[in-house]
Amino acid sequence: MTNCGGAATSTPVTEPILQQVAASLQKYVDELPQIPKLFGYSMQNGSLAPGNLTIGMFQKKWISTYFDYGVDDVAAASFYLSWKKFHPDLPLTTVFAYGTSAKEATIPGPVVEALKGVSTSVTWENHLPQNHIFSWDPTITTAIPKNGGVPTVVHLHGGVHPPQEDGNPFAWFTSNFQDTGSAWTQATYTYPNIQPAGDLWYHDHALGLTRVNLLAGLIGPYVIRDPKSEDPTNLPSGSEFDRHLMIIDRSFFKNGSIYINSTGDNPSIHPQWQPEYFGDAIIVNGKVWPYLKVQRRKYRFRIINASNARYFNFSLSNGLPFIQLGSDSSYLNSPVQTQSILLSPAEIADVVIDFSSSKTNESVLTNSAPYPYPSGTAVDQVTGNVMKFIIESGNLTCPDKSKIPSRLMNYPAATTKGTVKTRYIVLYEYDSSTGNPTHLYINGKSLSDPVTETPRSGTTEVWEVINLTPDNHPLHIHLATFQAIKVQALVNLTTFTNCMTAKNDAIACNVTSYVTGQLLNIPSNEKTWKNVVKIEPGYQTTVVVKFNMVDTNTKFPFNVTERFEFHEFPSLERLSLVSEEELRETGFGYSMLKLWRFYFWAFVLSWSVVTSEVRLLCDLEQPESTWVAKITVTVTSVNKMPKLYAIDDAMPMTPGIQLVEVTAPASPEKYTKVVATVLAFVNSLHPESCSVSFFKGGSIQPLQTDLS
C-alpha cells in the first residue's frame, strides 16, 4: 500500500542534504517574535465573565504580505515579508496554523490567557483544505474521512476539564463538520480553568495524524493565571518580561517546504511511518535561531518543548543559571536554581533568568541532548544552538522591582498513603528483522485489545512504569496529575524482558526481584504535580497518580508523536493508557462510566445564601463489593458571573445517600440565579436502581437528564 496525503519528494532526500540546508541558514538574524495573545475571559458591566473564543485552523504561506500592514514602499514590504517567514534565507513555507482568521493565524498559535475559576469556551473551526500538505501512512489506524479533508481535533495538554472536551482522537472533524469521528460531540469546548495557575499548551490530536498535523504547525500556548496566589510572589511580569518560548525542530527543503520522510524504515510493513522525527533547524516562536535583546534585569520564560520527538537539555553559554519556578502546569513549592534543564517532548519549564549578573554581553541558549534520547546521535553546532540573548548595557527602561520569593506554592507532597491500587505498566518495543521498531505495546496490549485497566475517578493510585525499550519515553496522563517518587534500575534485564514477552505479567515474572539496581534521584525541579514524567529505559519509575481531579474517562499517552500515532497502547476504562511521546504517535479510545448529568437553575427571592442539596440514592438488594459512586457539583455562574463553588466527594463503599450542599452569596438584585452542573458517577451492575434527587434552594428543576 502506498503512502497517502500531500507532497512527497520524487527524488531521494538524504540527511546530508537536509543538514546542508539548515547549516546554510545564518543564526540570530531575526528577532524573537511575541506570540499573539487572546484573552479567555471577558468583562461585562465592569465584572469578569466567561470568555468565548473562535479559533480556526488554516493553511497558509508562513508570511504576511505588506498589504496586510498598509505598507507602500518596497523596503518595508521586504521587512514584513521576511518577518513572517521561518528565516529570511528560506523561500515561503506552506503550513497549518491556528488563529482567529487566515490572516492572523500564526506558528505557534495565539497564547490563550485564562483566569482561574473563569471558564473559557473555544469554538475550534477546521478551515483546512481537502488534501494534507504532508504524506501520511494508511497502515496506521487513522482518521480517514469519507468526503476528503484534513481531520483535526484539539487537546488542551494539562487541562482539567470534562472528558468530552479533552480532544479524543476519535472526536476528529473536517471542514464544516462534513465528516466527524465516532466520538465527536460538539464544536465548542468549555475549559473550566478550575486548576491552579500554570502553563499548558494546545495541539492537534487527530487519530493517526497528530504527528503530521503538529509538524505542519498546529500548536499553541495556554496559560492559567491566578492573581490571588501569583501577585504576592512579585515575579517578573508584563509582556516584555514574561514571555513564552515555544520550541520545535524542523528540516527544510531548499524550496522552503518542511521535510517529512516519504518512505518508512520498514516500507513493506509501514510504507511511510518512522518512529521519530528529528529536524535540523531549531525554531523558537516561529523563527529559526532567533535573538532577543534583553536588559540587565530578571526575565521570566515559559519554555515549551513542542517538538515531535526531540529532547532538549538547555543551558546558557555564559554560565548564567536558570531559576525554575514550575514544571508543566504546576509551580514548585520553592524556586530551584539549576545550570541545565532537560525537557522531553510536551514538557514545560517555567524559569527566570537574571541577566543583571551577566559578565558578557551575549548568551546563547544551547542544547546538549542526544537524539533519540538518551543514547542517540550527539548534537552539533547546528542542532546544539537554540537562540541568542543580546544583553544590553545602560539604564533600565523601568526599575526591576520583581523578586524571587523563597516559597512559591504549598502543594501537598506525593505519597503512597491512601492509594487504592498498584498497577504495573510495561512498555514494549517489537523490532523487525532489520532491527527497526514496528510495534509498540503497553503490557503486551494494543489499542484494539479489550480494556484491561479501570482506575476510578476520585482515587489515587501507584503506577510502576517499566520501560523495556531503548529510549526515554515521556509519560502523559490526561485529566490527572501525577508525580514520580522513585526511579530504580532493573537487573538481569534480558531475563525479565523474555519473561514479560512470554507472560505479559510483571507479578508472575517476580518483578520485585529484578528492581534492585541503581536508584536515580528525582530532580528537584521536577518534584511537583506534573503532566509529563520521563520514563528512563531499563528502569522502573514509581508514579503516584491522582484521579480525583477528573470527571471520568481519561487516557495516558507517551509524547513522541510518531510513536503515539503507532497504536501501541490499549484503551482503559475510565482511564485509557497512552504515552505523551506516543501521544502524537498512536490512537486510543474512551470508555464511559454510567453517569447522570443534570442542569438546574435556582431562583431564590431575597435570600442571603443559596443552598442546594443533591442526593444520590442507590437501592440495591445486595450491596456489591464493586460499588463506588461520586458526586461532583460545580456552580458555573451566579447571576451570569463566574464563580467557583465546587464540591467533589466520594461515596462510601456501601450504598447510601450522599448530601452535597452548594452555597453561593446572594446578589443585590431581587433574586439570585445559580446555574450549576451535577455529575453523579455510578459504577454498579444495576445503575438503573440509582436515582438523583434535588432538595432546597427555591425552585430547582432538572433541565436535562441523560444516561450514557
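Structure notes:
- Strands (runs of 3 or more DSSP E) contained in the stretch 445-537 and holding at least 1 residues in contact with a Gly (Cβ under 7 Å, 6 or more places away or on another chain) and farther than 30 Å from Asn313 by Cβ: 460-467
- The lone criterion from (1) at pLDDT 95 or above; (2) at positive phi left unmet by Ala489 is number (2).
- Lys503 farther than 20 Å from Val336 by Cβ, charged (D, E, K, R) and surrounded by fewer than 17 Cβ atoms within 10 Å (Cβ to Cβ): yes
Here's the yes/no breakdown for (1) farther than 20 Å from Ala306 by Cβ; (2) in contact with a Phe, Trp or Tyr (Cβ under 8 Å, 6 or more places away or on another chain):
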residue	(1), (2)
Ile133	no, yes
Thr139	yes, yes
Thr142	yes, yes
Lys146	yes, no
Thr152	no, yes
Leu156	no, yes
Val160	yes, no
Pro163	yes, yes
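- Only residues that are at pLDDT below 95, out of contact with any strand residue (DSSP E or B) (no Cβ under 8 Å at 6 or more places or on another chain) and within 30 Å of Thr366 (Cα to Cα) were counted in the stretch 25-63, giving 1.
- Scan the stretch 510-535 for residues that are within 17 Å of Trp463 (Cα to Cα) and surrounded by 18 or more Cβ atoms within 10 Å (Cβ to Cβ) and the total you get is 12.
- Entirely in the stretch 88-127, the strands (runs of 3 or more DSSP E) that have 3 or more residues that are of a type in the set (Ser, Thr, Tyr) and closer than 27 Å to Pro196 by Cα: 120-126
- In this structure, Trp136 qualifies as crowded, with 21+ Cβ neighbours inside 10 Å, among the aromatic types (Phe, Trp, Tyr) and more than 25 Å from Tyr41 (Cα to Cα).
- Count of the stretch 354-389 residues, restricted to those that are more than 31 Å from the chain's Cα centre (by Cα) and either without any contact (Cβ under 8 Å) to a residue 12 or more places away in the chain or not in a loop (DSSP other than H, G, I, E, B) (or both), is 3.
- Matching residues in the stretch 305-334 - criterion: being hydroxyl-bearing (Ser, Thr, Tyr), under 24 Å from Tyr371 (Cα atoms) and surrounded by fewer than 23 Cβ atoms within 10 Å (Cβ to Cβ): Ser315, Ser317
The values are calculated or read from the model by the stated rules, or taken from the named source; none is laboratory data. Only a predicted model underlies this, so the values are computations on that prediction, with no experimental measurement involved. Glycine gets a Cβ as well: all are built from the backbone with ideal geometry, and neighbour counts include every protein chain shown.
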